[in-house]
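Worksheet: one structure, shown below.
The values are calculated or read from the model by the stated rules, or taken from the named source; none is laboratory data. Computed from a predicted model, the values in this text were never measured in an experiment. For neighbour counting, all protein chains shown are included, and Cβ atoms are generated from backbone atoms with ideal geometry for every residue, glycine included.
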Amino acid sequence: MNPTVAVSHLSKSFGRVQAVKDVSFEVMPGEIFGLLGPNGAGKTTAIRMMLDIFKPDAGDVRVFGGKMTEATKNRIGYLPEERGLYQDLKLEQTLVYLATLKGLAEADARQRLTHWLKRLELYEHRDKKVQELSRGMQQKAQIISALVHDPDLLVIDEPFSSLDPVNTRLIKEIIEEQSVAGKAVIMSTHQMYQVEALCSRIVLIDHGSTVLYGQVGEIKRQFAGNAVTLEGQGDFTNLAGVLEARRHNGAWHLTLAAGTSAQDIFHGLAAQDGVKIERFEIAEPSLEDIFIHVVKRGAGQAAEGVVDA
């Protein structure tokens, strides 16, 4: 099976700022793929190069096996992080116009929109101006604009922004349906638990370069031992070798720094006065743990001037 998207060694600079240094990944048909990274890592620039909005300084992008053309663009649905609906126009009018830009006839666009507007509970609001809609409604409208032309590749940046739990679940169902239908989905979000629930593979970009890439399960096994769960009495917030300590349902979850083992943490706690440990176990790291571990490790290396370009 050929990849829907193949990105190879992309780089891009804006003046003296190198936004992307070296980014590579592939996305297969039917795959929900996570494109991750901290703010300023180069994710959005990589997406824009992939979609031919920016031209790369170096590297190569193949979508559906070839270079980007106008016909190729009509097979892509894009939900950008910066929302772009026309605020002074009516909702249905705006969505019909955006659908015709993707090659749909107006009558076909209106027919398809009826289905999506009803499914996302916007049909009764179709004659309202976009500016009269809530942020959550505008988010759902933007998602419809990315879906209405039935794209073979869906690129969605922060799809759950401004959505309540009910609508978040609905959008997750829609994303999974796209995957089942054989469409490739690239999802960029800071909500790691959503990535963990939906994505089979991920790429993590930091300081403009690919630093993690592969199957979610394999990556989690690679970082096994980098997280600890404990219960007890004492202060667990400022332990040496711990990147982050958070409490949930009475238990503490600790994300460990590079070079720190669970045994180190256990011995450190045992040596403290006033600490009582009732439960201590090595936890499977979440993607959030791994994200924090890799990004903070990269920040430390950058401060020392040893991050690979």
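Details
- Exactly one residue among Thr260, Thr255 is in contact with a Gly (Cβ under 8 Å, 6 or more places away or on another chain), of a type in the set (Val, Ile, Thr) and either at pLDDT 85 or above or assigned to a helix (DSSP H, G or I) (or both), and that residue is Thr260.
- So Phe291, is it over 25 Å from the mean Cα position of the chain (by Cα), aromatic (Phe, Trp, Tyr) and not assigned by TED's automatic domain parsing to the domain that holds Met28: no
- Candidates Gln131, Gln111, Gln142, filtered to the one that is without any contact (Cβ under 8 Å) to a residue 24 or more places away in the chain and either within 22 Å of His190 (Cβ to Cβ) or polar (S, T, N, Q) (or both): Gln111
- Residue selected from the range 191-217 under the condition without any contact (Cβ under 8 Å) to a residue 40 or more places away in the chain and more than 24 Å from Arg62 (Cβ to Cβ), by the criterion surrounded by the fewest Cβ atoms within 10 Å (Cβ to Cβ): Gly217
- Scanning the range 54-77 for residues that are surrounded by fewer than 18 Cβ atoms within 10 Å (Cβ to Cβ), closer than 15 Å to Pro151 by Cα and not acidic (Asp, Glu) turns up Met68, Thr69, Ala71, Thr72, Lys73, Asn74.
- Set side by side, the residues Ala19, Ala46 differ, and just one is in contact with a strand residue (DSSP E or B) (Cβ under 7 Å, 6 or more places away or on another chain) and under 15 Å from Val155 (Cβ atoms), which is Ala46.
- Being over 28 Å from Gly34 (Cα atoms) and surrounded by fewer than 17 Cβ atoms within 10 Å (Cβ to Cβ) holds for only one residue in Glu92, Glu121, Glu81, Glu106, and it is Glu106.
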